[in-house]
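Data first, discussion second: the structure below is written as structure tokens.
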Amino acid sequence: MMDRRTFLKGLSALGALGVSPAWAASGAAEAVPADQLPELSGDLTVYLGRGEGGLYKQVVEAIRERNPSLSLEVRRGSSSGLANTLVAESEHGGARADAFWSIDASSLGHVASEGLTRPVPAALHEPLPEAFRFEAFAPVSGRVRSMAYNPERVREADLPERIMDLPDTDLTVGWAPSYGAFQSFLTAMRLLEGEEATRAWLRGIQGRARSYAGELGAVMAAAQGEVDLALANHYYTLRLKEGQPETSLELAFTRGDAGALVNTSGIALLSQGATPVDFARYLHSGEVQRFLAEEAYEIPLAGGVEPPAGVPALARLEPPELDLTRLGDLQPTLALMREAGVL
């Protein structure tokens with residue numbers, strides 16, 4: 001595990017990062033060490049989606065400490081709340097942030113759909129796999145949907161290979177319908193499968209599902225045998241097992257559908273100038289990417305940085321083909337969930 005002092009030291013250290021063959025094939029360039037990035041100066045306001053236990057704030061503070069000439073103002077809040085704030089600000093004189101670092105692509109897509117983002121320059125595309133190069137925002141780290149299952153209750157062979165087949169099983173399910181990650185997953189399902197199929201899926205599982213306030217709670221329920229499996233982002237399982245190594249819990253992934261969605265945190269550029277771009281480049285540095293992998297168990301997207309133990313490399317996953325900016329189309333999903341009685 002990487003503590004704050006080690007992380008700060010890493011931001012100041014020189015060093016080369018190796019490129020794994022899988023990443024080289026994906027088109028991602030090698031992550032750049034922080035010492036090879038421009039020094040930041042001037043004024044910068046960043047809206048920061050609250051999440052990951054404050055780890056994103058630690059990254060921002062480390063960048064601030066490394067760049068004493070930078071006057072950095074940070075506003076924290078929920079990613080969806082900050083997205084709504086940016087839209088409201090734009091309607092009353094213009095957004096007051098230079099960049100928006102969100103924990104979820106849906107809030108970034110919402111801001112982009114309102115025409116508030118500026119195009120991502122090539123410098124922010126180069127460290128990323130080709131599938132994660134978007135005009136509206138630059139992904140920072142990935143999180144894959146998973147089925148966290150208790151092997152003492154269910155065999156891996158009994159899990160569905162496609163998420164749409166889950167209602168046809170007799171497995172009990174833990175989920176967190178009010179949670180943003182679940183709503184992004186369901187939005188992906190609606191976009192890929194259609195509203196009728198998504199409505200039928202919700203109703204097919206509803207009788208065997210238990211709702212929890214968050215996805216960590218759903219994963220803990222699977223570990224404790226309250227349900228057979230939990231639908232959650234992968235890192236909740238890894239974090240739980242880090243603190244409780246004897247926990248009876250494993251990860252499984254579906255293929256090519258919403259159940260295998262690789263969502264991302266990301267940063268949207270809202271103002272002109274080099275400083276927001278150069279700030280975003282720090283998020284792709286090897287030091288930051290390793291920190292997020294080791295501390296948050298997120299999937300690093302810049303080349304040459306290993307994923308956290310327990311999750312396959314991105315090149316081995318089989319996510320659906322979906323433009324993540326479309327996840328900002330959330331309102332029809334919420335309406336569908338309310339109609340199905342899930343919210």
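The values are calculated or read from the model by the stated rules, or taken from the named source; none is laboratory data. Nothing here was measured: the structure is a model prediction, and the numbers come from that model. Cβ placement follows ideal geometry from the backbone for every residue including glycine, while neighbour counts extend to all protein chains displayed.
Quick look at the values:
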read-out: Residue count, the range 135-150 (criterion: more than 15 Å from the chain's Cα centre (by Cα) and in the same structural domain as GLU114 (by TED's automatic domain parsing)); value: 2
read-out: One residue from LEU251, LEU324, LEU269 being under 30 Å from PRO38 (Cα atoms) and not assigned by TED's automatic domain parsing to the domain that holds PRO68; value: LEU324
read-out: Residue list for the range 147-166, filter: out of contact with any helix residue (DSSP H, G or I) (no Cβ under 8 Å at 6 or more places or on another chain), farther than 20 Å from PRO312 by Cβ and among the hydrophobic types (A, V, I, L, M, F, W, C); value: VAL154
read-out: Matching entry among GLU130, GLU161 (being within 20 Å of GLY310 (Cα to Cα), among the acidic types (Asp, Glu) and touching a residue at least 40 places away in the same chain (Cβ under 8 Å)); value: GLU161
read-out: Odd one out for ASP165 among (1) out of contact with any Ser or Thr (no Cβ under 7 Å at 6 or more places or on another chain); (2) not in a helix (DSSP H, G or I); value: (2)
read-out: Yes/no for ALA230 being assigned to a helix (DSSP H, G or I), in contact (Cβ under 8 Å) with a residue 40 or more places away in the chain and touching a helix residue (DSSP H, G or I) at 6+ places or on another chain (Cβ under 7 Å); value: no
read-out: Number of the exception - THR187 against (1) closer than 29 Å to SER265 by Cβ; (2) assigned to a loop (DSSP other than H, G, I, E, B); (3) touching a residue at least 40 places away in the same chain (Cβ under 8 Å); value: (2)
read-out: Matching entry among GLY225, GLY243 (being free of Cβ contacts under 8 Å to residues at least 40 places away in the same chain and over 18 Å from PRO312 (Cβ atoms)); value: GLY243
read-out: Residue in the range 59-116 that is surrounded by the fewest Cβ atoms within 10 Å (Cβ to Cβ), counting only those that are out of contact with any helix residue (DSSP H, G or I) (no Cβ under 8 Å at 6 or more places or on another chain), in a helix (DSSP H, G or I) and of a type outside the set (S, T, N, Q); value: ALA88
read-out: Qualifying residues in the range 173-204 (those that are crowded, with 19+ Cβ neighbours inside 10 Å and over 24 Å from SER80 (Cα atoms)) - the one nearest to the chain's Cα centre (by Cα); value: VAL173
read-out: Count of the range 304-343 residues which are at pLDDT 90 or above, assigned to a helix (DSSP H, G or I) and crowded, with 18+ Cβ neighbours inside 10 Å; value: 7
